[in-house]
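Before any comments, here is the structure.
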Amino acid sequence: MAVARSTRPPGLPRHLPSLTGVRFLACLVVFAAHALDAPRLFADPELQRFFGEMASTGTVAVTLFFLLSGFVMTWTARPGEPARRFWRRRLVRVVPNHVLCLAAAAVLVAACGVGAQLSVEDGPWHPGAVLANLFLVHVWVPSGDFIVAANPVTWSMACEVLFYLLFPVLIRWVRAIPRARLGAWTLAMVAAAASVPCVAQWLLPAPAPVPGMPQISLEQYWLAYVFPVSRLPEFLIGMLLARLIAEGWRPPRLRHVAALPFVTILLTLQMPAVFTFGPLSAGPVALVVAALAHRDLLGRGRWLSSDWMVAAGERTYACYLSHYVVIMYVTQLVAGPGAAYATPVALGYVLLMAALTLAATWALYRFVERPAMERWARPRRPAAGAAVPAPAAEPASSTAAQSR
């Protein structure tokens, strides 16, 4: 199985830097949502409740990550590339950082027990759950012990693994859709994403009342938020957007759609808890991604496409995987599990988490992720004297591909 042809017409740039830069903002939102809410360090109950409500911004950031994955993979797909080569690149990118962060998290959880997971809902530590996490299959069953095993944020990487496995098939389907039907298929995927929390709310068991806890059952949370099949429509929206932009669709300007994801957050706060976790923001986020891509094609990327934003965006995978592990370590070994502090002290601990996360991100990218990609992501050189096939033609404006 191989990629038959490129989605991107000749003459369009291969690299859309704003889509890399915006990943840094999304990762920053995820870090803030976890660091300000998960450890519950703030003694001020109103302030802590506010941070808990604002943690829903992290769910929108994850939707952005999924859409970007679909868009970028489709936009940068290499003509004629065998599926096994694509899978190898993904494997080399994902596994080294994942294994190291999982090992660091597992050591802490094994040593400290339940408290290392920061939440009163978390169950006991099970080595089998950590093993399932290692192979990124831990979110295929609605088990709390498995979903939060060791490094809880890897649930999204388990979703990405499904996307990677299906991509060589999905890209053929997306390219085969007639141009006139692309818009309809995109709207259908937006509707599919929006229907996920509705199904979870109305068809799955209602949550048992727990004082002070969100009114959402484990089964509802699993289906609406972490089940890989439920998140597939968001990836497909990104793929379809890449085709629409390549076909010349002009999305609304960024200033007209940038606020829509935040409006969605405010709306979901007034709805049952399951809608906070479900991907209701897929449509608004899709418009933002399309607007950013179109700005880059017009050469108007501005600060999101600056060198420092792109460099930060390229390091978001290392940051995403390591940040929760850092939060766990600071909570367990420095701040103290279950402790609450005055606002200045609590903010000091959050800043410590940020500094250590930056250090972990730098180390993982510099000494693990980048060397692994340079060593194993590219095809092996042919032996001396072997014939070298001519590479597929690329436009002169093409630059290095961005990928997640």
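What do you reckon, is residue 164 on the phi < 0 side of the Ramachandran plot, buried (at least 23 other Cβ atoms within 10 Å of the Cβ) and not charged (D, E, K, R)? No.
Selection of first residues in the stretch 318-346 that are farther than 13 Å from residue 356 by Cα and of second residues that are among the aromatic types (Phe, Trp, Tyr) and in a helix (DSSP H, G or I), restricted to Cβ pairs under 6 Å at least 6 apart or on distinct chains, gives the following pairs, ordered by first then second residue: 335/349. Checked across the stretch 163-175, the condition of being among the basic types (Lys, Arg), out of contact with any helix residue (DSSP H, G or I) (no Cβ under 9 Å at 6 or more places or on another chain), farther than 28 Å from residue 319 by Cα and in a helix (DSSP H, G or I) holds for at least one residue. Number of residues in the stretch 348-369 that are under 18 Å from residue 92 (Cα atoms), surrounded by 15 or more Cβ atoms within 10 Å (Cβ to Cβ) and either without any contact (Cβ under 8 Å) to a residue 40 or more places away in the chain or of a type in the set (Gly, Ala, Ser) (or both): the value is 0.
Selection of helices (runs of 4 or more DSSP H) fully inside the stretch 272-377 by the criterion of at least 3 residues being among the aliphatic types (A, V, I, L, M) returns 282-297, 307-314, 316-330, 343-364. Screening the candidates 43, 103 for the property of being over 25 Å from residue 308 (Cα atoms), at pLDDT 90 or above and in contact with a helix residue (DSSP H, G or I) (Cβ under 8 Å, 6 or more places away or on another chain) yields one hit, 43. Checking residue 127 against (1) at pLDDT below 90; (2) touching a Ser or Thr at 6+ places or on another chain (Cβ under 7 Å); (3) farther than 20 Å from residue 225 by Cα, only one condition comes out false. Which one? Single failed check for residue 127: (2). The sole residue among 276, 264 that is of a type in the set (S, T, N, Q), under 17 Å from the mean Cα position of the chain (by Cα) and either within 12 Å of residue 63 (Cβ to Cβ) or modelled with pLDDT under 95 (or both) is 276. Scanning the stretch 39-63 for residues being buried (at least 19 other Cβ atoms within 10 Å of the Cβ), closer than 30 Å to residue 238 by Cα and in contact (Cβ under 8 Å) with a residue 60 or more places away in the chain gives a total of 5. Taking first residues from the stretch 76-100 that are polar (S, T, N, Q) and partners that are surrounded by fewer than 19 Cβ atoms within 10 Å (Cβ to Cβ) and at pLDDT 95 or above, the Cβ contacts under 8 Å between residues at least 6 apart in sequence or on separate chains come to 97/368. Applying the condition of being more than 20 Å from residue 68 (Cα to Cα) and touching a residue at least 12 places away in the same chain (Cβ under 8 Å) to the stretch 147-176 and asking which residue is nearest to the chain's Cα centre (by Cα) yields 152.
The values are calculated or read from the model by the stated rules, or taken from the named source; none is laboratory data. Keep in mind the model is a prediction, meaning the values are calculated, not measured. Please note: Cβ atoms are built from the backbone with ideal geometry, for glycine as well, and neighbour counts cover all protein chains shown.
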